[in-house]
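The values are calculated or read from the model by the stated rules, or taken from the named source; none is laboratory data. All figures in this text were calculated on a predicted structure; none of them were measured in a lab. Cβ coordinates were reconstructed from backbone atoms using ideal geometry, including for glycine residues, and neighbour counts include every protein chain displayed.
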Amino acid sequence: MHRLLKNRDFILILGLFLGIMAGGAAQWTKHLVLPALGLVMSLSTMTISGAHFRSLPKLAGAGLWGVGLSYLLLSSLLLGISRLFTHDQSLWQGFVLVAAVPPAVAVIPFTDFLEGDKAFSLMATLGAYLAALLIMPFIAALHWESDFISLADIMKILLLLIILPVIVGQTLRATGLDRRLEPVKGTITNWSFFTVTYSIVGLNSRFIMADPWALVPVAASALATIFGLGLCIELIGRLLKVERKRLHSMVLLGTLKNYGLAGGLALALFDQRSALPSVVATTFMIIYIIWLGFLKRYFHSDRANAS
């Protein structure tokens, strides 16, 4: 039992299951989501050397990769595929919002899970969020003839979940506290993600239960843009001989959006049905991370042993 309670996959599945089946307490745990994500980000970035932030060419290059993977690739594919799977106006509005938001902040700690290139993921995510300040109003004006999407949420996430945790993480590194936290870093991160997963799924479980048939086209789109696109990026990256750590980061940047932000905007601007793409994609995101972790442990480790 002790080993199970430290197992990341078990903890994520438990959060997913409890969120769907017993999500009532999410009304209280939702207040812990922002602090939990901030804590995870701080622990993830404390292992990144400050030298990475002093190279402007590297910052700019990674930022462009973030914009390219999250917006030019994922958003374009998301809008195209969602048109094939649904003609429901509310669902379409939800898909547009998912396409408009920047990458998931969790890309950085998930990169840590998969032993990817954390510095690249951080700089690419930062670049995509800065670009989102221009891209989100453009997408809103393009689809709704209005710029009603507030940029306050983007600025809040940028400050509280990226910039501030980087400062905290670098402070921990400079003071040597990172070495003391390292033994418990994994456990803290896993249970923080349990809180986030349970809260997000629990708050939206009623939407899932209310209209199960509406989930079919949404699930098909999520499957294609997360699992399908992730596989394509992986295969192309291997053909081009992209370094494995960098490829892990690119897969996450090219498949995961900030579904929490998209779902919140959907509920605020439209109706409950328009939040379904975000809710379902969140569920697929958790399953996808578990799947990537499984592949890393068993497939890549076996191949490394064989060589």
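With respect to (1) in contact with a Gly (Cβ under 6 Å, 6 or more places away or on another chain); (2) at pLDDT 95 or above; (3) in a helix (DSSP H, G or I), the lone exception for S205 is condition (2). Annotation note: Cβ proximity below 6 Å between a residue of the stretch 232-253 that is surrounded by 18 or more Cβ atoms within 10 Å (Cβ to Cβ) and a residue that is of a type in the set (D, E, K, R) and in a helix (DSSP H, G or I) (sequence gap 6+ or interchain) occurs for V251/E234. Of all residues in the stretch 87-113, those satisfying the criterion of being crowded, with 19+ Cβ neighbours inside 10 Å and more than 21 Å from G264 (Cβ to Cβ) are T111, D112, F113.
Here the stretch 197-212 is the region considered, the condition is being of a type in the set (A, V, I, L, M, F, W, C) and under 20 Å from A268 (Cβ atoms), and the residue that is surrounded by the most Cβ atoms within 10 Å (Cβ to Cβ) is I200. Picking from residues in the stretch 133-162 that are surrounded by fewer than 16 Cβ atoms within 10 Å (Cβ to Cβ) and within 19 Å of G260 (Cα to Cα), the one that is modelled with the lowest pLDDT is F148. Taking the listed residues G237, G228, the one that is within 17 Å of the chain's Cα centre (by Cα), under 20 Å from L256 (Cβ atoms), in a helix (DSSP H, G or I) and not aliphatic (A, V, I, L, M) is G228, with no other qualifying.
Among residues of the stretch 60-76 that are closer than 15 Å to L252 by Cβ, those with a Cβ under 7 angstrom from a residue that is of a type in the set (S, T, Y), sequence gap 6+ or separate chain, pair up as G66/T125; L74/T225; L74/T255.
Taken together, L172, L130, L122 contain a single residue that is out of contact with any strand residue (DSSP E or B) (no Cβ under 7 Å at 6 or more places or on another chain), under 21 Å from K58 (Cα atoms) and surrounded by fewer than 21 Cβ atoms within 10 Å (Cβ to Cβ), which is L130.
You will find that of L292, L276, L253, the residue that is modelled with pLDDT of 80 or more and touching a strand residue (DSSP E or B) at 6+ places or on another chain (Cβ under 6 Å) is L253 and no other. Scanning the stretch 179-194 for residues that are touching a Gly at 6+ places or on another chain (Cβ under 8 Å) and farther than 20 Å from T125 by Cβ yields a single hit, F194. In a residue-by-residue description of the stretch 123-146, the property of being in contact (Cβ under 8 Å) with a residue 40 or more places away in the chain and in contact with a His (Cβ under 8 Å, 6 or more places away or on another chain) applies to at least one position. All of M46, M21 fail the test of being hydrophobic (A, V, I, L, M, F, W, C) and in contact with an Asp or Glu (Cβ under 6 Å, 6 or more places away or on another chain), apart from M46.
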